[in-house]
1. Name the one entry in F:Ala155, F:Ala144, F:Ala165, F:Ala216 that is surrounded by 16 or more Cβ atoms within 10 Å (Cβ to Cβ) and farther than 20 Å from F:Gln14 by Cβ.
2. Residue pairs, Cβ under 8 Å, 6 or more apart or interchain, first in region D:67-78 and within 15 Å of F:Val26 (Cβ to Cβ) and free of Cβ contacts under 8 Å to residues at least 12 places away in the same chain, second assigned to a loop (DSSP other than H, G, I, E, B) and of a type in the set (A, V, I, L, M). List them.
3. Would you call D:Met195 among the aliphatic types (A, V, I, L, M) and under 14 Å from the mean Cα position of the chain (by Cα)?
4. State whether the residues of region E:182-190 include one that is under 23 Å from E:Asp121 (Cβ atoms) and surrounded by 22 or more Cβ atoms within 10 Å (Cβ to Cβ).
5. For region B:133-167, what are the residues that are more than 16 Å from B:Arg114 (Cβ to Cβ) and of a type outside the set (A, V, I, L, M)?
6. Return the residues of region B:209-242 that are touching a residue at least 24 places away in the same chain (Cβ under 8 Å) and of a type in the set (S, T, N, Q); say none if nothing qualifies.
7. I'd like to know if region F:214-222 contains one or more residues that are in contact with a strand residue (DSSP E or B) (Cβ under 8 Å, 6 or more places away or on another chain), part of a loop (DSSP other than H, G, I, E, B) and facing chain E (nearest Cβ under 9 Å).
8. Of the residues A:Gly169, A:Gly128, A:Gly136, which is farther than 28 Å from A:Glu29 by Cβ and either touching a residue at least 12 places away in the same chain (Cβ under 8 Å) or within 13 Å of the chain's Cα centre (by Cα) (or both)?
6 protein chains.
Amino acid sequence: MTEFARTGGRAADQLRPVRITRGFTVHAEGSVLIEFGQTRVLCTASVEEKVPPHKKGSGEGWVTAEYGMLPRATHTRSSREAAKGKQTGRTQEIQRLIGRSMRAVFDLKRLGERTIHLDCDVLQADGGTRTAAITGAFVAAQDAVGKLLAEGKLATTPIVQPVAAVSVGIVEGTPLLDLEYVEDSACDTDMNVVMTGAGHFVEVQGTAEGAAFTRAEMDQLLQLADKGIQELIALQLAALAG
Amino acid sequence: MTEFARTGGRAADQLRPVRITRGFTVHAEGSVLIEFGQTRVLCTASVEEKVPPHKKGSGEGWVTAEYGMLPRATHTRSSREAAKGKQTGRTQEIQRLIGRSMRAVFDLKRLGERTIHLDCDVLQADGGTRTAAITGAFVAAQDAVGKLLAEGKLATTPIVQPVAAVSVGIVEGTPLLDLEYVEDSACDTDMNVVMTGAGHFVEVQGTAEGAAFTRAEMDQLLQLADKGIQELIALQLAALAG
Amino acid sequence: MTEFARTGGRAADQLRPVRITRGFTVHAEGSVLIEFGQTRVLCTASVEEKVPPHKKGSGEGWVTAEYGMLPRATHTRSSREAAKGKQTGRTQEIQRLIGRSMRAVFDLKRLGERTIHLDCDVLQADGGTRTAAITGAFVAAQDAVGKLLAEGKLATTPIVQPVAAVSVGIVEGTPLLDLEYVEDSACDTDMNVVMTGAGHFVEVQGTAEGAAFTRAEMDQLLQLADKGIQELIALQLAALAG
Amino acid sequence: MTEFARTGGRAADQLRPVRITRGFTVHAEGSVLIEFGQTRVLCTASVEEKVPPHKKGSGEGWVTAEYGMLPRATHTRSSREAAKGKQTGRTQEIQRLIGRSMRAVFDLKRLGERTIHLDCDVLQADGGTRTAAITGAFVAAQDAVGKLLAEGKLATTPIVQPVAAVSVGIVEGTPLLDLEYVEDSACDTDMNVVMTGAGHFVEVQGTAEGAAFTRAEMDQLLQLADKGIQELIALQLAALAG
Amino acid sequence: MTEFARTGGRAADQLRPVRITRGFTVHAEGSVLIEFGQTRVLCTASVEEKVPPHKKGSGEGWVTAEYGMLPRATHTRSSREAAKGKQTGRTQEIQRLIGRSMRAVFDLKRLGERTIHLDCDVLQADGGTRTAAITGAFVAAQDAVGKLLAEGKLATTPIVQPVAAVSVGIVEGTPLLDLEYVEDSACDTDMNVVMTGAGHFVEVQGTAEGAAFTRAEMDQLLQLADKGIQELIALQLAALAG
Amino acid sequence: MTEFARTGGRAADQLRPVRITRGFTVHAEGSVLIEFGQTRVLCTASVEEKVPPHKKGSGEGWVTAEYGMLPRATHTRSSREAAKGKQTGRTQEIQRLIGRSMRAVFDLKRLGERTIHLDCDVLQADGGTRTAAITGAFVAAQDAVGKLLAEGKLATTPIVQPVAAVSVGIVEGTPLLDLEYVEDSACDTDMNVVMTGAGHFVEVQGTAEGAAFTRAEMDQLLQLADKGIQELIALQLAALAG
């Protein structure tokens, strides 16, 4: 279907090899290393028995995310946000996206007045860090919730359904699933799609990097994303069953 | 088509009254007050005869945007970003969106080594400030370019085509065009769409605030957006012809 | 009386055309656009039903001000304070001046434990932005107080008397009232005067930009300021009666 | 003339004991400890052989000032600005005032392309720190210039005339010269006056802390200030002759 | 020799199991995961072909380090420095220590005008993160230098000798080598020692957390450190030979 | 014993002239100017009747320190930390060291729920500012505690024993006590030692600036430090007896 040659002969509609390692670090309630090919993101879920001010006394919990990238996760070293004293707009955009995506599958009432912090730190970047982060954060959150259930702090799970994310894009006229860095840099259109296990959209963020894209192209991209996310959710469930 | 009663009996697929006032302030190369109903954004275009470091020596220009909201543009006063010492994640997300949208219709080579700064400041907010900002910024940019052409600093326009934006969303099951604040607060799905005069997409940002949305709903929303943006582009051109 | 030719043949002791538009925006308890010629400042008054820590439990209220300038309010674009992450010394100096000036005519006991925030944002600058801000903020504050009285939250007004401000200066040897930008840049002495309706001083801030000024010159400037402020207070009252 | 009893039986128009110690520290080109009674400010002048960007290539020099207060210079400890990560509005206001006052007596052309930094650090505060700072900074600047002359880096002095400052105010109806802290806290009107050796005004900053003040009161205050500044300038010259 | 029971029956003078994994990530010129028991630090070395301002034109290079800890590297989540907008004093202290330690074994002249950035990021913390960081950073630096040699950018290595670090401390009267977190929390005296391959000291930082320590205790600790560091340097060399 | 010629013929194991002036400023509960030769540090102790959050309700007090240097305390002016908006790593390192050193001789339980803030501000620097600061801060703390005892707020002193600090180093092969600036710049090894009146170590911080140092050198340095600190403690006690 594609003329654009992908690394390792990958098909246009094929995900990179995905690896999900639970319990990657020992302290967090959930700790998952997720790999989309060369992209590696450590996602931890931390449970805190209190909520931010806007939720105090509401009977509801909160789920929030932070995102970071180690300075040399990338081809050339980028400066450390902590040293510069502020997070870039890109970082803030991504962590807001992860937070919204996770809350979309949480019933905050059932969570009770506690917070789940999802920290997504990119150890190595090769495109798709935000979609890997969302996909991995879900597994970490699931583990943290599992622990709360096991400890009897929760009677029923507040997680309503799975959520995962993938990037899609058009490179040299070919719609591709799960872009790696060289594809991402070359693409005309870049779209990040977040979907639930039921196949519904949580977020769609499409950007024309080069030429604006047509409705027909958008339809192709959404279809690719749908295929990829179904596969990712199967991989999440397999990892959680493991 | 809708059961949800909109302010002033507005139809589900109807824009709010749009007003575009050019030359709203005197110093900027382009200065436009744009009103989407009660939402009022002042968009100025400032030409600077130099480029940021990453464009130096490239022969290309740069187009960038900043966004702000006066503290009492909203129903209750929000704190002043300058006083707090930082811009919120929301502000950064919006100004990055405006910048990308404008660059999508600029040929940076033809602009030459100069920068156009678009400042979009919300004087009064009632939903849709970012889409009004994009729509107004285009007119301001056009005026700034017109001035460069008139002064002989540019031989041909670097603007390739018009660009405009609108929000769409689903409120109580009804897809609506150009959400005002009460609708935005109540909606399940919120989507901001940026399109060119040719009817192609520059940005699509859809978010499920409540339930995740289906492909069919997405299709309805994109169709509404398409209708709205065609009308907005006609209004931009009329204002520029005026 | 003067040899220095002012814009539009204005006399040395003449104010620029002053326009006061109440209800310029809809959300704030008081919202005034004040124009001193080409200088335009939007002054909003926001009522908050609590006080800062140093007033808690005192039975007294608080009145405070913030000042800002849109990046392209000026001839050349200045950088956005929110983006730089801090307010300049000039901004802080001005907002402290506005705050003190407003508190000078407020009986904070009668205000009760609430705060009035005055936001003065310069949409267009042509000299005298701080004096326009004080003059406009008084009208906005009056409107906010009027609303509190109408709602029965206050039984009697906490505003003791009107307050207004004007700049005066010596340009090429001629004392001038209400300097516009080109005069301000050229002047040797620049003085901002804040006075009450009773003709008493709230603030006098005179600065020798070039040569130091004599006592005789100071007397001339104070007399000019007195004349201008009487006229401004008449204009405030007329606007409030309107 | 006064009914208000001052510390140590001081007359209403009497300065506190003033002590000026040159060479208080060893590294700076000028280093002066100035004491107005219990107020003690260390003023150093540092010469730097370059100018800030806005003066580059102008052939002119620059004179600038910074102001600080040690955390326990005051009755109760105030937090350290360096630890909080920003200077207060008050600090910025004061250092801008000192800088303008010093530049008023400098011929920047004759200074050549170099900068004199005046650092005024309050070791102990008892009212009048900014006026002591200006008065002391002049002596430190004079010493630094003396060194440049001695080294042959300057042929003629860029200092045109002396400058000094004093506070005046009305306490319980009595106009007082050189307010100490308890007077400053109790006063209705507080005025800081900066004057040259020729008896002309460089800055007049009067503020009604309580009731607004009349023209007659202002005249009394300016007269007191004039008397005090003449005495301070005599003390500066005596110290420099010493 | 000890009465204090260590995890896994470890002897008082025994290191935790140390693992050094080279090439842990793919982009950096050197990338080492170092593990001291449960403590895991990712150390990357990045070569940049320029030097900081203070080394420009000196013909010398620079070696510098930054340190960070993922929010959930620890037992309870700590807040993200990038989000708070500043690095803690502890972080700065540690990264300065790492930088000095590495420069102690570099001949900066032989490095030429380039910079090696060492980023030490703690993925999991269980005591001794700074000593693991130094020990791992040396291996990463060695790999980066190896690459420069292989590419012909360097003719001879600028690394003079190996360097490693270990913590020692007194817990309940017993001197222990290589403290893990529970020991570190319980210790009276905590000492971090950095030594070269030649057995000389680069840094000794001893702190009495509880009672002050005697000269005899210090001697015992230094001896333990010496033993540990000899073993660590053997492990570094083995890893580099691997 | 030494071949390196020290200023004023000082012996290698000799302290500079030390002067301790109590009551240097009037407001603080303890205020000490300490001079180690040309190094002069003002140390104030401020008592606050509350504790930081981590000590609330613990029944224990807190002792903390802050450190600063006036911009022109040094040979060339360094920029003001308050103006730059952050403290350097060096400043934070030093103030943490001072705080730990002081807490080492305080029984926080006996202090009760109050805080002693020690502010150490360098008026003039000539090497050894941190050790002078610790030595002076102890005297200021003692004075503050004396005041609390005199006022009956404390029944018994929370100070367990004296503490003082000194620097030692090896310059051109010679171990020297109490380095002044030129020695500090030239030294191969620099060590700061903090000891109690009982002759035990609170902190030992040794750094090889040039060549790494041997165990034998370290022993020599520790012996020198021991001698110097015994003398400093005698001087503290003499000053407190005065």
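1. Working: F:Ala155 fails: surrounded by 16 or more Cβ atoms within 10 Å (Cβ to Cβ); F:Ala165 fails: farther than 20 Å from F:Gln14 by Cβ; F:Ala216 fails: surrounded by 16 or more Cβ atoms within 10 Å (Cβ to Cβ).
Just a single option satisfies the conditions, and that option is F:Ala144.
2. Once the first residue is within 15 Å of F:Val26 (Cβ to Cβ) and free of Cβ contacts under 8 Å to residues at least 12 places away in the same chain and sits in region D:67-78, its partners that are assigned to a loop (DSSP other than H, G, I, E, B) and of a type in the set (A, V, I, L, M) give D:Arg72/F:Ala28; D:Arg77/F:Ala28.
3. Yes: the conditions hold for D:Met195.
4. yes
5. B:Thr135, B:Gly136, B:Phe138, B:Gln161, B:Pro162, B:Ser167
6. If the condition is that a residue be touching a residue at least 24 places away in the same chain (Cβ under 8 Å) and of a type in the set (S, T, N, Q), then B:Gln220, B:Gln230, B:Gln236 are the ones that fit.
7. Yes, because at least one residue in region F:214-222 is in contact with a strand residue (DSSP E or B) (Cβ under 8 Å, 6 or more places away or on another chain), part of a loop (DSSP other than H, G, I, E, B) and facing chain E (nearest Cβ under 9 Å).
8. Answer to the selection: A:Gly169.
The values are calculated or read from the model by the stated rules, or taken from the named source; none is laboratory data. The structure presented is a predicted model; accordingly, all values stated were derived computationally and were not measured. Virtual Cβ from ideal backbone geometry, glycine too; neighbours counted across all protein chains shown.
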